[in-house]
Amino acid sequence: MTVLMMFTALAIGLAEGLPLKKKGQRRELVVMTTLLAMTILLAVGHYLALPSPLVLLERWLEPVGKAIFK
Amino acid sequence: MRPFRFGKMKKASEPELIQPRVAEVETELENPKLSSSLADNQTTMQTIFTNCPDFMYRELKIGQERVPVLLLYMNGLTDEQTVNGDILKSLVNIKSSNIIVSGSNTIEIIKNIFLEIGNITEITTIGEVEEAVLTGSVVLLLEGTSKALKIGTKGFDGRIVSEPATEGVVRGPREGFTESLQKNTAMLRRKIKTPNLKLEKFVLGRVTKTEVNIAYLDGTVNSKVVDEVKKRLSLIDVDSVLESAYIEEMIEDEPFSVFPQIDHSEKPDKIAAAIVQGQVAIFTDGTPFVLIVPTMMTQFLQSSEDYYDRSIYATSIRLVRFVFLTLALLLPALYIAITTFHRGLLPTSLLISITAAREGAPFPTVIEVLTMEVTFEALREAGLRLPKPVGQAVSIVGGLVIGEAAVQASMVSPVTVIIVALTGIASFGIPSYSFALAIRILRFGMIALASTLGLYGVLLGVLVMSAHLVSLRSFGVPYMAPFAPFNLKDMKDSLIRLPWWAMGDRPRLIAKNNNNRQRQKFFLKPVPPDDNEK
Amino acid sequence: MAGKKGDWMPEKGIINTKQFVWLLFIMISAFATMQLPGMLIMQAGRDAWLSILGAWLLDVMLALVYAYMGIRFPGENLVQYSITILGKYLGRLVGILFPLFFLLVCTIVLRGSAQLVNIVFLPRTPLNVILVTSYLVSALIARKGLEAIARMTELLGPLYLLSIITLSFLVLPAFHMSRLLPQFDNGVTPFLTGAPLILTNFGVCIIMAMYIPLCNRPENGFLAKFSAVSMGALVVCLVTALSVGIFGIEDAQYMSSPGIQLAKMINFSNYIERVEMIWLLFLVGSTIVASSSLIWAFGQGIAQITGLKTYKPLIYPGALISLALGILSFPSSLQHTNFYHYTFPIVAAFVEVGLELLLFAVALILHKRGTA
């Protein structure tokens, strides 16, 4: 899964990044790469058995939710 | 994620090219004037036209002064009778008149007094002479002057006006366009008798020098569309334009779409109707197919006969066409999806009979359907290209022998044959051949999706297809109009066809200018005479 | 920040009011008819349909705020006016929460619909395959821009509405009023907690604040939202009330998707069965289109925060993040449902109501105003 995701991120990075680089839109390139890096981070984190951000969010907020909703 | 961008980028990056013709600039550079010596001119022309046995030059001496005159023309492109009967005769007749034809204004005298032909212009350069000769005019060169006369005698035997082979109608005009541009535009003029019908001439193709005319109704058409058409046409710089498809592919909005974005027709009545409602027609010399822009998808599902039949019938036949469209696109895919993934959707009795019919069939349904579809496409193609008698044999072999035998040998199940046959018939139900081609291609994509992801795959395919369709534009008009963006007023002539008395407005999206929206008097609905009102 | 207004609007398409309505309708109904009725029935019991009415009222009030903000800051969307109001740094910090929220919603919606597809259509296909294909199509649509999405909803919305109404008519004979009674059996608590639960779902249409600047008549924002949320509420209300009225409260509260169960009820004289598949096709189609507009909103928002000229290169990376979250965060559908039921409403309430009201209050106090 991790490898697949990194591969996809790379593929997207190439497909979207090359035209951007050609047009010289550096800012776009940086933001896009950051987003892709986040995906790779997520995937690597999963591989290292770190909880995903949503799980963290859940740990934090679920008790509140459970108090309000059945 | 769109690697193929260069088509559009090229268009955008060269806006300087909008000047009318590139060829004109070239001709000015290497376009020497005519010499005043006839002999010089003759040698020049003979060098240009070496090895052109169809190039004719006729020398004669006119008037009592015996001034040498040279007539140049292409054999076969000019009307022989005009050349012999009118031009030569009048030139010879100069002798018997007492007007003196030598001097500086000889050419005017010949032009104004002697030639009994309407279309005469003076030309001065070698290039013009060359072009005039090549487009079928006769050029008259005179000793002692550097001017020449271009005498329009264009006339060669073309096909006579006949019923078009592609768009048959039961009711409606039966004439179709021919290969001659002049004849075609004349047929259009015969239908639209107003000076507002404008024709603008372009010459495209470095070698073919094809004449292309755009026709529109001034005051009704959206002038932005006309400008856009002119701009895109003037950007074309190619060797040859032999059919309107050359132009179509070079001016359409989305070059990599499977869907045709420009409609074409060879029926003058259809073109006239399009022009009257504000579209632009593009006539190309040498082909009976005339392009119509802007185009919306519904146009491909309409036939000109819809407007000549009763509106209720026309509406229902249009609805049926939408059903055909869906079937032609999705039927095999749905069959595969349902029989392999979602058998629960089928009624039990139907499921049993399908399963029974598939008994002993060695291949999975996908393979069956695919082979049959490919066979069908092959048969269709074979029947199209072969000489007619052989073509019939092909369809007999295909339909009877292959279908029947394959089922008999239980290679394919009869249900598959039914499905493929239904799909074929449905795709014939789409009036536009070029649109049906797009559907034919997409059908295979849908089959692939259905065989991997079932109904969900079909759904994805339909979503992607409609996303593509709604984002298409043809000369600024959304392709899927009037469905998306939805426009209730324009619905009157889309899925349904209201009676003529109810179609008061021109389609909004085509002719955008507001001042000339109404195309007829309102309240034209026929009212039967009231009995009490005597 | 005066010159900021509409300085860069990466998306150039323009939508009309009708398309606005359908966009929001698809957004609300796709999100709220899938799993929500089940959760709601569990929460509010027989009062579920009343909670929807309550939520509808609350949401309309919320919509007033959003529509007002859209007019107060003409030509600016949610993200842009949070920067205008709160300044360069704080504004960006708050502003980025909105796109992230849209991405979260997208994750939940598509994961939910992929699970349904997995159960109903393709039990033997891995869930991830379905998820990946859904995301691919969503991103493909999103990249074509809001104009294309709006036209898609214009085609799909009426079909979807029609399909639900048809469905309701077909199951109506099995409906028993008595199963809906008595109301307020357990006091008003179920009603009062049910309303916020559903409000947080209806509230997804805060995405309207992303559309308003692209609308040809921004002043119609409230009207559009009102019609859309009314239609959406009607749809959810129909599904909820019918599920309770047909299956009874005891069965209905444990259904993961009562709408599907309703559709399963339909059979035409025992001939055609499993009509729910056809209905589900509309539902899944709507979800995919809805999530494409969520991904679009994410891309647009991020592009504005970082000051890009175009949002298009961010669409696929955004979809990929959402996909990764969807796959990695929920090992099974149980976790997804739990997250959706307990955690999501809190997050949603914070973003949809809390943040926006904060912006609203600050704008009023500091007399911030967009420049038209």
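Details
- Chain B: angle of helix B:348-357 to the longest principal axis, Cα-based, in degrees nearest 10: 70
- Residue exposure sequence - B:D253, C:D47, B:D531 - by fewest surrounding Cβ within 10 Å: B:D531, B:D253, C:D47
- Axis of helix C:189-202 versus longest Cα principal axis of chain C: the two differ by about 60°, to the nearest ten degrees.
- Checking the Cα-Cα distances for B:K89/B:K111; A:K22/C:K309; B:K201/B:K231; A:K21/C:K88; B:K489/B:K521 against a 18 Å cut-off, the pairs over it are A:K21/C:K88.
- Cα Rg over Rh - the stretch B:37-151, Kirkwood: 0.93
- Listed by chain and number, the aspartates and glutamates whose C-alpha is less than 12 Å from the C-alpha of B:K492, apart from same-chain residues fewer than 8 away, are B:D505.
- Semi-axes of the equivalent ellipsoid of chain B are 56, 29, 23 Å, computed as sqrt(5λ) over the eigenvalues of the C-alpha gyration tensor in descending order.
- Residues C:V353, C:V239 arranged by fewest to most Cβ contacts within 10 Å: C:V353, C:V239
- Here the stretch B:247-378 is treated as an ellipsoid with the same Cα gyration tensor; its semi-axes, largest first and in whole Å, are 41, 20, 12.
- Rg/Rg_globular for the stretch B:181-295, with Rg_globular taken as 2.2 N^0.38 Å and Rg from C-alpha atoms: 0.98
- Since only C:G248, C:F121, C:S134 are under comparison, the one whose Cα sits farthest along the positive direction of the charge dipole of chain C, derived from C-beta charges on Lys, Arg, Asp and Glu, is C:S134.
- All lysines inside 16 Å of B:K33 as judged from Cα atoms, apart from same-chain residues fewer than 8 positions distant: B:K147, B:K150
- Exposure proxy ranking, count of Cβ atoms within 10 Å, fewest first, for C:E356, C:E276: C:E356, C:E276
- About the Cα centre, charge dipole magnitude for chain C (Lys/Arg +1, Asp/Glu -1 at Cβ), debye: 1060
- Once the mean of 1/r is taken over each pair of separate Cα atoms and inverted, the stretch B:419-465 shows a Kirkwood hydrodynamic radius of 11.3 Å.
- Applying a length cut-off of 30 Å (Cα extent along the axis) and a mean Kyte-Doolittle floor of -1.0 to the DSSP H helices of chain A leaves A:2-23, A:26-47.
- Counting only alpha carbon atoms, the long axis of helix B:181-191 and the longest principal axis of chain B meet at about 70°.
- Inverting the pair-averaged 1/r between distinct Cα atoms of the stretch A:2-68 gives 13.9 Å as its Kirkwood hydrodynamic radius.
- Most positive-pole-ward Cα, B:P195, C:G194, B:V69, against dipole of the protein assembly as shown from beta carbon charges: C:G194
- As a length-normalised measure over Cα pairs under 8 Å and 6 or more apart, the relative contact order of the stretch C:11-365 settles at 40 percent.
- Listed by chain and number, the aspartates and glutamates whose C-alpha is less than 13 Å from the C-alpha of B:K191, apart from same-chain residues fewer than 8 away, are B:E175, B:D269.
- Its Kirkwood hydrodynamic radius, worked out from the mean inverse distance over all distinct Cα pairs, puts chain C at 20.7 Å.
- Cα principal axis extents for the protein assembly as shown, largest first, Å: 123, 82, 77
- Separation of alpha-carbon centers, the stretch C:198-223 and the stretch C:227-250, rounded to whole Å: 23
- Alpha carbon centroid spacing (whole Å) that separates the stretch B:368-390 from the stretch C:107-182: 40
- For the protein assembly as shown, a crude dipole built from +1 on the beta carbon of Lys and Arg and -1 on the beta carbon of Asp and Glu, taken about the Cα centre, is about 2060 debye to the nearest 20.
Throughout, read-outs are computed from the coordinates displayed, never taken from laboratory work. No experiment lies behind these values; they were computed from the predicted model shown. As a convention, Cβ positions derive from the backbone with ideal geometry for all residues, glycine included, and neighbour counts pool all protein chains shown.
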